[in-house]
Amino acid sequence: MTKKFGLETILAHAGIHSDKATGALTAPIHFSTTYQHPEFGKSTGYDYTRTKNPTRATAEKTLAAIEKAQFALATSSGMAAVVLAMEIFPVGSKVVAARDLYGGSFRWFNQQEESGRFFFQYTNTGEEMIAAISDDTDIVYIETPTNPLMIEFDIEAIAKVAHEHSAKVIVDNTFYSPIYQNPIVDGADIVVHSATKYLSGHNDVLAGVVITDDEALYNQLFYNLNTTGATLSPFDSYLLIRSLKTLKLRMEKSTANAREVVAFLEKSPEVKEVLYTGKGGMISFKVVNQNKIPNIINSLEVFTFAESLGGVESLITYPTTQTHADIPAEVRASYGLTDDLLRLSIGIEDAEDLIADLAQALKD
C-alpha cells in the first residue's frame, strides 16, 4: 500500500498482499527467529528476527504510511519508543520539553538528567517553548495534546524555530494518532507513539513506534534498535495490524462520545473545570470536592478504574496516584496537575450509558 491511497484505504488494507505465495487476506505471523540463506553470500532480506521480521515489517509499512512518512520502527512498548528516539542524540544534549508530560516520560527524563545524560528545560506553553529554543538546543520534545492537561502545541511554528537553531523535533502523537494529526507534515523530525493506546485500541497489545521521514535518522534508529533489541514480537505485530484496520472508526466514535460527555460535565455542579480539545477521546476534569474522588471512582459501573487509555472500553484514571505518581507533588501543582483532577479515556460504548454512569457517581 503506497501513500497515494487515502487514509481509510491504507488502514483497511493493512497486511493485504503481504503473502504472495498463498494470497492470504490476513497477514501471516512469522514466528521464525532465523531465516535460510538461498546460498552463500545471498539473503532473502530477512536474516534474524531481531533485525527484521516479515510480520513486523508489514506493521511498520502501514504505520509509516498513515503518518505520511517513509520509515517506521515498531518497538516493545511506548517507553521503548521514547528511549529509542532520544538515545540517538549524544551525551550532554540539551532538551526543551513540554512541562506537562506522561509520568513515564518524566521518570526517564529525570533519570537521564540526574546521570548527566541529557539536560532539560521545561516549558508550559507553545510561546514559552519557542522562547526557550536557542542555538544551544539539540532536541525539542513535544506531547500534544499534553497528558493530562490537554494543552495543544503548534508543531509547525515550533518546528520552524527549532530548525532555525539546528535542533531536532520529537513529537509524541499518542493522544491524537494520525487520524487527527500528522506531525511529520507539520515539520517534526521524529514521531513516537505508545501503540498500546489508540493504534492498538483493545488493551491487549504492549507496543510502541518511532517514525521519521529522514533516512539518516532512520539509519541511526535502526542501528540502535537492532543493537538493543527492544523490537515488537511477531504476534504483537499481527495484533497491531489487525487493530489498525479499525483505527479511524474507533477514533471517530470515541470523539463523538467524548463531546457528549464533555457537554454533560460542563453543566455538572460537581465539576469546576473540564479540559478537552474538541477532538479525540481524552478528557480531564477537576471536581469541586476532591475528597469525593475515592467515592466517585468506586461508584462507577460502566467506566473502569484503570491505567492506560485509548481502548474500546472507557477508563477513569487518577493521575495523582497512578500515571503521574512519580512526578513530585510540588512539581505537579506548579503547572496545574492538582489532586482534584480525574482523567477519562472515552471508549465506544453508548454515550448515554457513559453519561448516566458519571451522573450517578458524581451525585453520590
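The values are calculated or read from the model by the stated rules, or taken from the named source; none is laboratory data. In this text, all values refer to a predicted model and were calculated from it rather than measured experimentally. Cβ placement follows ideal geometry from the backbone for every residue including glycine, while neighbour counts extend to all protein chains displayed.
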Those residues of region 287-337 which are closer than 27 Å to His202 by Cα and of a type in the set (D, E, K, R) amount to Glu301, Glu307, Glu313, Asp326
Need the failing condition index for Gly92 against (1) within 30 Å of Leu344 (Cβ to Cβ); (2) touching a strand residue (DSSP E or B) at 6+ places or on another chain (Cβ under 9 Å), just the number. (1)
Checking Ala159 against (1) closer than 27 Å to Asp135 by Cβ; (2) assigned to a loop (DSSP other than H, G, I, E, B), which single condition isn't satisfied? (2)
Does any residue in region 5-20 that is among the charged types (D, E, K, R) come within less than 8 Å, Cβ to Cβ, of a residue that is modelled with pLDDT of 90 or more six or more places away or on a different chain, and which pairs are these? Glu8/Lys248; Asp19/Ala27; Asp19/Pro28
In region 163-184, residues that are touching a residue at least 40 places away in the same chain (Cβ under 8 Å) and either assigned to a loop (DSSP other than H, G, I, E, B) or crowded, with 20+ Cβ neighbours inside 10 Å (or both) total 14
Selection status of Glu273, among the acidic types (Asp, Glu), in a helix (DSSP H, G or I), surrounded by fewer than 23 Cβ atoms within 10 Å (Cβ to Cβ) and modelled with pLDDT of 95 or more: no
Regarding Tyr198, is this residue of a type in the set (Ser, Thr, Tyr), in a loop (DSSP other than H, G, I, E, B), out of contact with any His (no Cβ under 8 Å at 6 or more places or on another chain) and in the same structural domain as Thr75 (by TED's automatic domain parsing)? yes
In region 279-294, residues that are part of a loop (DSSP other than H, G, I, E, B) and over 15 Å from Leu149 (Cβ atoms) total 4
Which ranges mark the helices (runs of 4 or more DSSP H) fully within region 37-139 that have 1 or more residues being closer than 24 Å to Tyr238 by Cβ and touching a Pro at 6+ places or on another chain (Cβ under 6 Å)? 54-66
